[in-house]
Amino acid sequence: MILNPITDIIVWNSNLRQIVVLRMDSLLVGILGSYVAKYHAGIFNKYKSQLGIIGLCFITFLTIQFFSFSIEGVYFSVFYPVLFSVFVLLVFPYIMSYRFSQKATHVMGFISKSSYVVYLSHLPILNLMTYYLSEKVNHPVLLVIPWLFVTFGLSYLIHMYFEKPIMDLR
């Protein structure tokens, strides 16, 4: 399988605009989830395990699908991000009911604080890694682990040495 990195600035700009539009769909899924959690909490609490299993199964399926097929066409540009958001939402009731250790809570707090940097940096990092490593890697899934390390490592540095100092000035 050949991954197609975004190398043209026109394609890059159009893809960034598409991401913003698709992000709105994700936000609406989050708003729907917040509404259900607040006004119909019993549904989430009653079915949290089943919803979590369904969500994890489909997240796994969608992730494998993303790295196994050509990511062109209406499905991957319109339906895939919305489906992914819905399945992530299904996992939330279980995660919210779980009692995490102090260290895990600290890690999740950091991830939530640096999530905007991760959001901004993940696509350029993925495209650079795809461009330089796609022919050297046997399977695209093998790019995921280094991509996660680079994305979170760079996001940590940007958050700690750029974003946080600026936020502290407020």
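Please list 113-119, 100-106 highest first by mean number of surrounding beta-carbon atoms within 10 Å per residue.
Values: 113-119: 15.6, 100-106: 9.6.
Per-residue mean Cβ counts within 10 Å order the peptides as 113-119, 100-106.
I need the calculated FRET efficiency for the pair Val141 and Tyr75, taking r as the beta carbon distance and R₀ as 25 Å, to the nearest 0.05.
Numbers: r = 19 Å, r/R0 = 0.78.
According to the calculation, E is roughly 0.80.
Sort out for me the Cα centre separation of segment 72-116 from segment 30-62, rounded to whole Å.
After rounding, the separation between the Cα centres reads 11 Å.
If I stretch the segment between Met96 and Leu133 completely, what's the gain in nm (0.36 nm per residue apart, minus their alpha carbon distance), one decimal? Show your work: numbers first, answer last.
Working: separation 37, 0.36 × 37 = 13.32 nm, distance 3.71 nm.
Length gained between Met96 and Leu133: 9.6 nm.
What list of ³J(HN,Hα) values in whole Hz, one per residue of segment 47-60 in order, does the Karplus curve 6.51 cos²θ - 1.76 cosθ + 1.60 (θ = phi - 60°) give from phi, with Gly and Pro shown as x?
Each residue of segment 47-60 in turn: 10, 4, 5, 5, 5, x, 5, 4, x, 5, 4, 6, 4, 4 Hz.
Read-outs: derived from the displayed coordinates by stated rules, not from any lab. If you're wondering where the values come from, they're calculated on a predicted model, not measured in any experiment. We place every Cβ from the backbone using ideal geometry, glycine too, and count neighbours over all the protein chains shown.
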